[in-house]
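Take a look at the structure below.
Here, each number is a calculation from the coordinates, and none is a lab measurement. What you see is a predicted model, and the numbers here were worked out from it, not measured in a lab. Reconstructed Cβ throughout: ideal geometry from the backbone, glycine too, with neighbour counts over all protein chains shown.
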Amino acid sequence: MAGNEQQTGTRDEHYNLISALYHLLEGASTCEQYIRDAQEAGDQELAQFFKDWQDEQRNLSERAKNLLGSRILHAGAGIGRAQEAAPAKSSAKSPTNASVKSGGNAQDDLVDEQSKESFPASDSPAKY
């Protein structure tokens, strides 16, 4: 969406990623009804197709959340367009990759992931 940054105050790539995440989550939610419909019709092959599709959307939404978290973290640290030529001075840890599991589940966000990675530490993560 060209020119979106001027309209929303949000960088175009962030807007696009947020939009993609929204649509992935909506699609995963919508699949629940499709799965129920297929099961009620007795079509297990179709129900499995929708379950597989839902899993793919959930996996992609996890990747989108991680990408968004990383970009927002870097934008907050001053890394990005304004300082692309300057070397990054941030020692902030990047969010975990969706393909790396730390004992969590698909619904975990960045704070949940970091809590599970730091367990049994007495302090909770500093991201709220």
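Data table
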{"quantity": "Using a Förster distance of 25 Å, the FRET efficiency for residue 15-residue 63 (Cβ separation, nearest 0.05)", "calculated": "0.90"}
{"quantity": "Estimated FRET transfer efficiency (residue 72, residue 44; beta-carbon r; R0 41 Å; 0.05)", "calculated": "0.50"}
